[in-house]
Amino acid sequence: AACSDANASSSEPSHAPAAPLPHQPRSPQHDGTAACCSSTVVPAREPASSYPPCSSSTAAAPAPGVPTAACALSGEAAVVGGGVGGSEWPVVVIDALNVARFHAHDTHPVGSARRVAAAIAHFAATHEVHAILPEWAMRGRRRLSEAELLEPLLHRQLHLSPAGSNDDEFVLRFALRRKAKVLTNDLLRDHIESGLVTREWASSCRVAFMFIGDDIVVGGE
């Protein structure tokens with residue numbers, strides 16, 4: 001039946017008693033008079049996550065024992081089981097020694113801590129960042145120049161790999177676990193040959209960089 005105006009008068013009086021209307025719950029947007037034709041109020045949807053889960057659809061079939069993991073630099077979540085900080089931002093793992101040694105010269109023969117700090121700062125506003133550096137590069141006799149600049153970042157965004165270990169392996173294993181991009185100019189050939197990562201993974205998840213003065217420029221941005 002079509003709606004009628006409740007305030008309009010009828011041209012002829014009605015002699016038959018009107019059938020009672022079924023009970024209708026009051027709508028919160030009306031003031032007590034139930035409308036016979038009301039619009040359904042659709043609740044506002046929650047905004048979609050900025051970073052929906054990663055897809056591993058682009059991962060190549062690995063050798064036995066090689067993990068399959070997609071990686072994300074932006075626009076996708078890169079979190080698997082939480083991890084350090086429990087962030088839902090995309091994750092970048094920095095090969096800190098590779099960054100520190102970019103065009104190392106006589107004034108910084110081992111490498112520059114300032115460059116590591118610049119790489120961390122570059123991503124920190126929009127990513128969960130973890131830089132991995134060998135312990136000797138912070139504590140040893142051949143430590144990085146200006147190593148003290150990194151002290152405030154220790155155990156937050158900078159992590160030291162144990163003495164006598166291969167820091168690259170920690171970088172890659174953590175990146176695989178977190179589906180993260182890896183900032184490094186290392187082509188990872190040794191680790192592809194060893195089966196730790198696939199060539200396809202290295203091609204899609206490795207991010208190259210360069211410095212112009214003290215400014216870092218990241219490939220693919």
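The values are calculated or read from the model by the stated rules, or taken from the named source; none is laboratory data. All of these numbers come straight from a predicted model, not from anything done at the bench. Glycine also receives a Cβ, built like all others from the backbone with ideal geometry; neighbour counts cover every protein chain displayed. For the accessible areas, the whole protein counts, side chains as well, though only heavy atoms, and no ligand, DNA or RNA atoms are used. Shrake-Rupley method; radii C 1.70, N 1.55, O 1.52, S 1.80 Å.
Tally Lys/Arg at +1 and Asp/Glu at -1 over every other residue whose Cβ is under 9 Å from the Cβ of His191; what's the total? Counting the neighbours of His191, the net charge comes to -4.
With K and R counted +1 and D and E -1, the other residues having a Cβ less than 10 Å from that of Ser112 yield a net charge of +1.
If you roll a 1.4 angstrom probe over the protein chains with everything in place, what fraction of the accessible area of the range 147-201 belongs to carbon and sulfur, to the nearest %? Walk me through the numbers on the way to the answer.
Numbers: 1400 of 2950 Å².
About 48 percent, which is the carbon plus sulfur part of the accessible surface.
When every Cα-Cα distance of the range 101-189 is counted in 10 angstrom steps from zero, the calculated P(r) takes the values 15, 51, 31, 2 percent.
Using a probe of 1.4 Å on the protein chains alone, the accessible area found for Arg189 is around 150 Å².
Each Lys and Arg adds +1 at its Cβ and each Asp and Glu adds -1 at its Cβ; summed about the Cα centre, the range 109-221 shows a dipole of about 200 debye.
How much length is gained on full extension from Glu200 to Asp215, taking 0.36 nm per residue of separation minus their Cα-Cα distance?
2.5 nm
Below 8 Å, C-alpha to C-alpha, sequence gap of six or more: please give me the relative contact order for the range 81-221 in percent. Don't jump to the answer; show the numbers that get you there.
On the way: 214 pairs, mean separation 36.8, N = 141.
Here the relative contact order equals 26 percent.
Amide H to amide H, with H built 1.01 Å from N, Val207 comes under 5 Å of Val182, Leu183, Thr184, counting only residues 5 or more places away or on other chains.
Going by average Cβ neighbours within 10 Å, how do the peptides 143-149, 91-97, 214-220 rank, with the highest at the top?
Values: 143-149: 17.7, 91-97: 28.6, 214-220: 12.3.
Descending packing order for the listed peptides: 91-97, 143-149, 214-220.
Entry comment: accessible area of the range 87-164 is 49 Å² per residue, from protein heavy atoms only and a probe of 1.4 Å. Full extension of the chain between Glu146 and Leu187 yields a length gain of 12.1 nm, computed as 0.36 nm times the residue separation minus the alpha carbon distance.
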